[in-house]
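Shown next, in structure tokens, is the structure this report addresses.
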Amino acid sequence: MIRAFLILLFLALGSPPLFCLQSSGSTSQRVTDSLGRRVVLSARAEKILSLQPEITRIVIALGAGERLVGVDYFILKHDHLFPTIFPGGRKLPAVSNTPEDMNFEMVMKLDPDIIFVSPTELQMVDSLQSKVRRPVVALASMGSFDKLLEEIKLVGRVLGREKRAAELVGDFQSRVEAVRKSVSSVLPGKKPRVYMSFWGSLTRTPVTYEPVDIAGGINCAEGILPAYLGTIATVVQLEQIVIWQPDVFLVQGNYPPRERPVTVEGVLLDKRFGSLPAVRNRKVFYTFGYWYWWDPAEVLVETLYLARLFHPEAAGPVSLETEGNEIFKKYYGIEGGFSSLCRVLECGRWDEK
Amino acid sequence: MKNKKAKVLAVVLFLLPFILTLASLSIGRFHIPPKDLGRTIIQAISPSAGPEVSAAARDILFRIRLPRLLLALMAGAALSVSGASLQALFKNPLVNEYILGISFGAAFGAALSLVFLGKNFPAQAAAFIFALGAVLAVLLISGRFESHTVSLLLTGVIVSAFFQALLSLVEFFASPYALQSLFFWLMGSLSLATWKDLSISLPVMAVGVAALILMRWRLNVLSLSEEEAKSMGVNVRREKLLVILLTSMITAAATAVAGVIGWIGLIVPHLVRMMVGADNRKVVPLSAALGASVLIIADDITRVAATFEIPIGILTSLIGIPFFIILLRRSGKVWL
Amino acid sequence: MSIEVRGLFFGYEDFRLSVEDLCFEGRKVTSIVGRNGAGKSTFLKCLAGVLPVPKPSLFLDGRNLASLRVRERAKLISYVPQELVLAFNYSVLDFVLMGRAAFLSPFSVPSREDLGTAAEALQFVGLEGFEKRDFSRLSSGERRLVLIARTLAQSAEILLLDEPTTFLDPKHEVEVMNLCRKLALDKGKTVIVTLHNLEMAIKYSDAMVFMKEGRVVASGRPDEVLNTDLLEQVYDIPMSIVTYDGKKIILR
């Protein structure tokens, strides 16, 4: 009950800055996280335990990767980027991110200065707080670019990497702005209606997906009540997809190719979707989608990719792969990061018609 | 006079599933008024009759709604007949169709497929195989005991518990995304039924249900003590095994495609017995009809209640149980 | 039709049943008497085929019973147990109808003929008009009669009844025993019953079998075999036999 109430409260508060930073003196900082909790942090966080993959990626992008003392199972087992952007990460110990099988003793042993968790795991916050007595900060972008950028800034302040954070935020904003401009001339009537099949099911779709919006598309499921409180996912009826008649059908491609529960081929061959414009015009593609929230570099590239899909005439001269690698280099300092991701996920085939 | 009333009731119950199926074709997000329904069906049979019905409407009717309704029909019948037959066999009206470990066997199979095996082994096949595997385990383990009936029930409970533990283990290793799919499967859903899924499971269920309906009188005799039945010329072990295999087959087939939908096999036969008495000549076929109707109605509700899909298993429990309690108190009778 | 028992052995845990040589004659009522635990019910169950006998030892008019399949055997021998398991409430007619199981395949439903046979059986035991009543609502006596009707519907030649008069009031006791005689005389059945009530046994049986500790101590016509020594041997207490009003009464 309390969980539901808090989540509702959180949603009701809307988008104004939900987390902010107040520094009182050089020895400690006070932080307000996604759940509205005020957390006091002492000095610069040297030992970071991150149980929220999105934050882990941000920490690495801020160049503080070597300060990580532990991560969660998802990023170690299921994340394709992690080994590329942070090769040493494989050796990090994994701590579960559900309170039921949480190894509190291991957490104590790691002795972190700060623990990042996902705000949807409310019980985690309470149990960690009471058992381990270390500062726990719940952060997630919840599918909003603004919140993602604020997150980067906050983590930057906490880790003493404000300059780097500002750099990344600026870069992100300018690239997003560029995309917005390139599709700004498109009339609202010409924006493609997009349906996304995420989370391995034809009927599970996000009620908000900003990359699609920025790339000049309209999310069919925009504004529907989420099926699970506190998340941004909903389950629609199959019929509803046919009623919507989407122009573009996106399938989540972050699953390794052989394990994809839903595939583009499958959708194209599915007789139930025969009447969809997306299927008739063969505009069924893969996209990255949420993968325990976002990776800032990946979602940036995704936005560029989607803009090209929806409005090929607005695409710039640079190839997506080149631009992608450039972004990855900026964020993670690695060469060919985007290309290697594409190899794993077989992205080369993604925008084949 | 009681006879006449019973006959009328029987006729109504038999016709109900078909009426409901037809009516349900026009229920859903996509509004198809009943008069257009007739036109659409004719148009599907001979497309030249008129191009007025959109491709979307046709797809929704015949590729989304119809398979779903047929699955509801058949699965409702299968689960109810299975429950009624097992109640007779185990001489216990509290037995349900999952008593021999089928629900957890199937759940484990589906989990295994969704979490580890992926596309190499579709969830339906894995669920079916492990469901039957669970029953086989129960038969083998309990085979050596004297009081076969009690030992079957007990072994069923144990095997269920075992698969439940295995299921928890698989859940532990699953990514949050695989868990979501599994969760929906565990609570029952008819939403993703395709003609391909039905092409195997529907005939299997139809054959099994038909066979059990043929055995309806025999179930009366099998509901007596083993001694009595044997002395009356019944090869108890063999026929019991036959009934168990048939019920397992149809329950596994239904569960493999629709997930775990509870309470139908327990409540529907009870309702029927309250209406027409315990003679299985009436109980078994009427359970099939009523079960089919109940599941179609439940599915209709899930389709119109909200934009998202409420798993049907939750609905059958939430509605079935209070309804049953009300009926019990009204009639003052239990099964006896 | 007569049953011959030759060398019947059955044992479990700490009990052994051993019947060397015994014959139950056709068209007669034979009662088996003895103390609790003497093996009467066990013997009856072996005759019925409910308990498996290791060696073939039962012969029906010369035919080895063990060679018969369950269905064939049921057409010849029927059995009414002492206790009833009742999970569902069937009507009286439906209950009696179950006796026709030996004549139907697992996938068949009783025919009109089967229904007729069942109705006739009910009539014979004096329960005409009881067809639609709930079995569970009947008195013990009426239930017993229904059970006998069921065995009658089974059309077997040999009827085995395990303690059919236990828990019945005197009126129903007499009714049941009269029925047994009627079955033997009018229908030519071989009726074998186990009884506790010695007086009933003496009055209504053509032959009696006395059992003790799994063995047959004596068998034959009541007036030939009955004496106080035998009674004391079988029941372990002194008893005396008194004749009053033409009926034999056993005093303990």
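The values are calculated or read from the model by the stated rules, or taken from the named source; none is laboratory data. What you see is a predicted model; the values in this text were computed from it and never measured. We place every Cβ from the backbone using ideal geometry, glycine too, and count neighbours over all the protein chains shown.
As a summary of the residue check, B:Met205 satisfies the conditions (1) farther than 16 Å from B:Gly259 by Cβ; (2) surrounded by 17 or more Cβ atoms within 10 Å (Cβ to Cβ) except for the one numbered (1).
Okay, residues lined up against (1) part of a helix (DSSP H, G or I); (2) within 30 Å of B:Glu227 (Cα to Cα); (3) within 14 Å of chain C (Cβ to nearest Cβ); (4) within 20 Å of the chain's Cα centre (by Cα):
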site: B:Leu71; (1), (2), (3), (4): yes, no, no, yes
site: B:Ser80; (1), (2), (3), (4): yes, yes, no, yes
site: B:Leu94; (1), (2), (3), (4): no, yes, yes, yes
site: B:Val138; (1), (2), (3), (4): yes, yes, no, no
site: B:Leu152; (1), (2), (3), (4): yes, yes, no, no
site: B:Val157; (1), (2), (3), (4): yes, yes, no, yes
site: B:Phe162; (1), (2), (3), (4): yes, no, no, no
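Could you go through the stretch A:61-73 and let me know if any residue there is under 19 Å from A:Val158 (Cβ atoms), surrounded by fewer than 18 Cβ atoms within 10 Å (Cβ to Cβ) and modelled with pLDDT of 90 or more. Scanning the stretch A:61-73 turns up at least one residue that is under 19 Å from A:Val158 (Cβ atoms), surrounded by fewer than 18 Cβ atoms within 10 Å (Cβ to Cβ) and modelled with pLDDT of 90 or more.
For (1) at the interface with another protein chain (Cβ under 10 Å from one of its Cβ atoms); (2) assigned to a helix (DSSP H, G or I); (3) of a type in the set (A, V, I, L, M); (4) under 15 Å from B:Leu69 (Cα atoms), each residue gets a yes or a no:
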position: B:Lys196; (1), (2), (3), (4): yes, yes, no, yes
position: B:Gly208; (1), (2), (3), (4): no, yes, no, no
position: B:Pro269; (1), (2), (3), (4): no, yes, no, no
position: B:Ala278; (1), (2), (3), (4): yes, no, yes, no
position: B:Leu290; (1), (2), (3), (4): no, yes, yes, yes
position: B:Ser293; (1), (2), (3), (4): no, yes, no, yes
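In the stretch A:87-119, the residue that is surrounded by the fewest Cβ atoms within 10 Å (Cβ to Cβ) out of those that are of a type in the set (Ser, Thr, Tyr) and either modelled with pLDDT under 80 or touching a Ser or Thr at 6+ places or on another chain (Cβ under 6 Å) (or both) is A:Thr98.
Give the residues of the stretch B:176-194 that are surrounded by 17 or more Cβ atoms within 10 Å (Cβ to Cβ), at the interface with chain A (Cβ under 9 Å from one of its Cβ atoms) and of a type outside the set (A, V, I, L, M, F, W, C), sorted by residue number. If the condition is that a residue be surrounded by 17 or more Cβ atoms within 10 Å (Cβ to Cβ), at the interface with chain A (Cβ under 9 Å from one of its Cβ atoms) and of a type outside the set (A, V, I, L, M, F, W, C), then B:Tyr177, B:Gln180, B:Ser181, B:Ser191, B:Thr194 are the ones that fit. Report yes if A:Pro277 is more than 9 Å from every other protein chain (Cβ to nearest Cβ) and crowded, with 23+ Cβ neighbours inside 10 Å, otherwise no. Spelling it out, it is not the case that A:Pro277 is more than 9 Å from every other protein chain (Cβ to nearest Cβ) and crowded, with 23+ Cβ neighbours inside 10 Å. Select from the stretch A:164-202 the residues that are at pLDDT below 90 and β-branched (Val, Ile, Thr) and write down the one among them that is surrounded by the most Cβ atoms within 10 Å (Cβ to Cβ). Within the stretch A:164-202, the match that is surrounded by the most Cβ atoms within 10 Å (Cβ to Cβ) is A:Val183.
Within the stretch A:135-161, the residues that satisfy the criterion of being part of a loop (DSSP other than H, G, I, E, B) and under 14 Å from the mean Cα position of the chain (by Cα) are A:Leu139, A:Ala140, A:Ser141, A:Met142, A:Gly143, A:Ser144.
Among the residues of the stretch C:69-93, the ones that are within 16 Å of B:Val236 (Cβ to Cβ) and either at the interface with another protein chain (Cβ under 7 Å from one of its Cβ atoms) or among the basic types (Lys, Arg) (or both) come to 10 in all. Exactly one residue out of A:Ala233, A:Ala221 is without any contact (Cβ under 8 Å) to a residue 60 or more places away in the chain, over 27 Å from A:Ala314 (Cα atoms) and within 19 Å of the chain's Cα centre (by Cα): that is A:Ala233.
Do any strands (runs of 3 or more DSSP E) lying entirely in the stretch C:175-246 carry at least 1 residues that are crowded, with 21+ Cβ neighbours inside 10 Å, and which ones are they?
C:190-195, C:207-212, C:215-220
Among the residues of the stretch B:297-323 satisfying the criterion of being aliphatic (A, V, I, L, M) and not in a helix (DSSP H, G or I), which is nearest to B:Asn96 (Cα to Cα)? That would be B:Ile310. If I filter the stretch B:68-81 for residues that are under 21 Å from B:Thr302 (Cβ atoms), at pLDDT 90 or above, buried (at least 19 other Cβ atoms within 10 Å of the Cβ) and among the charged types (D, E, K, R), do I get at least one hit? Within the stretch B:68-81 (the criterion being under 21 Å from B:Thr302 (Cβ atoms), at pLDDT 90 or above, buried (at least 19 other Cβ atoms within 10 Å of the Cβ) and among the charged types (D, E, K, R)), the answer is yes, since at least one residue qualifies.
Considering only the stretch A:162-182, I want to know if a residue exists there that is in a loop (DSSP other than H, G, I, E, B) and over 19 Å from the mean Cα position of the chain (by Cα). Checking the stretch A:162-182: not a single residue is in a loop (DSSP other than H, G, I, E, B) and over 19 Å from the mean Cα position of the chain (by Cα).
For the stretch A:120-127, indicate whether the set of residues that are touching a strand residue (DSSP E or B) at 6+ places or on another chain (Cβ under 7 Å) and either surrounded by fewer than 19 Cβ atoms within 10 Å (Cβ to Cβ) or at pLDDT 90 or above (or both) is non-empty. No, the conditions are met nowhere in the stretch A:120-127. On the stretch given as the stretch B:3-35, residues that are assigned to a loop (DSSP other than H, G, I, E, B) and not charged (D, E, K, R) total 8.
I want to confirm something. Restricting to the stretch A:235-246 and keeping residues that are surrounded by 20 or more Cβ atoms within 10 Å (Cβ to Cβ) and touching a strand residue (DSSP E or B) at 6+ places or on another chain (Cβ under 9 Å), which single residue is farthest from the other protein chains (Cβ to nearest Cβ)? Taking the candidates together, the pick is A:Pro246. Can you say whether A:Pro317 is out of contact with any helix residue (DSSP H, G or I) (no Cβ under 8 Å at 6 or more places or on another chain) and either over 25 Å from B:Ala178 (Cα atoms) or outside any loop (DSSP other than H, G, I, E, B) (or both), as far as the supplied structure shows? When the stated conditions are applied, A:Pro317 passes them.
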